Amino acid sequence: MSKSLIALSSVNYAIKGERYLKGKGINCNIVKLQPTETKKGCAYGLEIRNIDLSAAAALLNNAGIPYSEIVR
Amino acid sequence: MKHLIYFDNAATTFPKPISVVRAVEHCMEDYCGNPGRSGHRLSLEASRKIYDCRELLSDMFGISSPTNIVFTMNTTYALNIAINALLTKGSHILISDLEHNSVLRTVASQKRNGSSYDIFKVYPGNDEATLRSLKSKLRPDTSLVVCTHQSNICGVRLPIEKIGKICNARRIRFIVDAAQSAGYHPIRLDRCHIDAVCCPGHKGLYGPQGTGFAVFSDKYSAPEFLNTTLPFLYGGNGVNSADIEMPDFLPERFEAGTLPTPAIAGLCEGIKFVNNQTYKKIAYHSNQLYQRAFDMLSSMKNVRIYYPFLLPSSTILFNADGYSSDYVADHLNKYDICVRSGLHCAPLAHKKLNTLKCGAVRVSYSFFNTQEENEQFYRALKSLI
């Protein structure tokens, strides 16, 4: 399965999301996004592997971790 | 070197646990990148350390969201942020007559926004009378109550759980200044109906100076609330950089500029120190020291202890007849004993004690003080009076 990328509002939410997803056994890591990759510039993202993107997004949503957009 | 006796822990604790010192060193030597700015290893490691601290603090104060911890330089900054965020402009504020200038001046400055304030009286040792005083000062347009948890000059503690209940029933927001109680007494925002608590990292939590924080209750995670508040500081924080507005979420709404990662790394260890020692053990230790100092000071005929009927705490306040508080502090300093004299930035409280002109001498303990130090303090004081 290819890598997917979800943009989060800040590094704090990225860390929160990373810890949450890893706690669920989902392999992910934090990356700094290019200003062109988000609407407002300067954000962090979670690179997620081996899971369907919408499932990861739903998990974050249910945990109250707001993601700003799905980049790819 | 002669042993220095440090009894000024209500101002800042000293010494710090060695784990705190080591954590600062480790950060400075190994991973002190700028948190939240870059994607490289050092920046992310610094960000993770700061997030660790948010997690420790959210556990300690009973909130579920670590992002509701807003780091500041000290309690005063935290109070300024929280008061500006939670006050409905043009409304009425209530504070107690034991407040530090960090509350008094901040609240008084809101006059420029059309707000006014009143002061309710604290009756030491009589919570019911204090609560009656609070209720008698409430007005239909009161939107905010701000009060200290524990006075910074004497051991008077306010019944914040009961005050929170009164505020909650009237939909009044409630801010607690925990400058003297954080790390000494458990504070749970949910249990006490507190909207925000403001704390130092460098006092009872044994962190380095330059650390403070505001804890906002979980209900303030919502953008609906944050959209209505003005940031206290403006600037960069690595978030939404193309946007001219500050972010509308916590903690970045109120955090601008680089955070002090080494100091926050130290604070992490200070919090762990408190958690490991436990509140019970810390309170027992300071109560024992207080009781011994109380007995010694009480035996001196020309010494006046303020509120001698109070339960033991980490702070004891006194004056010696015929000597100014500064003179007594200077005398003790000659014996390498550090205490605080004067008004302690708390003119309201000193007015209440009738010590506004002369001030008073404050002895305040940490977990590192000993009874032997108490004995030396007594001997030094006795050589003067």
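For the stretch B:83-190, which fully contained strands (runs of 3 or more DSSP E) count at least 3 residues that are buried (at least 24 other Cβ atoms within 10 Å of the Cβ)?
By residue number, B:92-96, B:142-148, B:173-177.
Applying the selection to the stretch B:287-302, what residues are basic (Lys, Arg) and assigned to a helix (DSSP H, G or I)?
B:292
Give just the number: which of (1) surrounded by fewer than 16 Cβ atoms within 10 Å (Cβ to Cβ); (2) touching a residue at least 12 places away in the same chain (Cβ under 8 Å) does residue B:41 not satisfy?
It fails just one condition, (2).
Of all residues in the stretch B:336-360, how many are of a type outside the set (A, V, I, L, M, F, W, C), over 19 Å from residue B:157 (Cα atoms), in contact (Cβ under 8 Å) with a residue 60 or more places away in the chain and surrounded by fewer than 21 Cβ atoms within 10 Å (Cβ to Cβ)?
Going through the stretch B:336-360 one residue at a time, the tally reaches 1.
Got at least one residue in the stretch B:310-322 being at pLDDT 95 or above, aromatic (Phe, Trp, Tyr) and out of contact with any Lys or Arg (no Cβ under 7 Å at 6 or more places or on another chain)?
There is no residue in the stretch B:310-322 that is at pLDDT 95 or above, aromatic (Phe, Trp, Tyr) and out of contact with any Lys or Arg (no Cβ under 7 Å at 6 or more places or on another chain).
With respect to residue B:46, is the statement that it is surrounded by 19 or more Cβ atoms within 10 Å (Cβ to Cβ), more than 23 Å from residue B:223 (Cα to Cα) and out of contact with any helix residue (DSSP H, G or I) (no Cβ under 9 Å at 6 or more places or on another chain) true?
Answer is no for this residue.
How about the stretch B:202-249: which of its residues are away from chain A (no Cβ under 12 Å), part of a helix (DSSP H, G or I) and among the hydroxyl-bearing types (Ser, Thr, Tyr)?
Residue satisfying the conditions is B:220 alone.
Please go through the stretch B:303-327 and pick out each residue that is small (Gly, Ala, Ser) and assigned to a strand (DSSP E or B).
Listed by number, the list holds a single entry, B:320.
Considering only the stretch A:1-52, state which residues are part of a loop (DSSP other than H, G, I, E, B), in contact (Cβ under 8 Å) with a residue 40 or more places away in the chain and at the interface with chain B (Cβ under 9 Å from one of its Cβ atoms).
The one that is part of a loop (DSSP other than H, G, I, E, B), in contact (Cβ under 8 Å) with a residue 40 or more places away in the chain and at the interface with chain B (Cβ under 9 Å from one of its Cβ atoms): A:9.
Which condition number does residue B:363 fail, the rest of (1) crowded, with 22+ Cβ neighbours inside 10 Å; (2) over 28 Å from residue B:95 (Cβ atoms); (3) among the aliphatic types (A, V, I, L, M) being met?
(2)
The values are calculated or read from the model by the stated rules, or taken from the named source; none is laboratory data. Keep in mind that what you see is a predicted model, and the values were worked out from it rather than measured. Cβ coordinates were reconstructed from backbone atoms using ideal geometry, including for glycine residues, and neighbour counts include every protein chain displayed.
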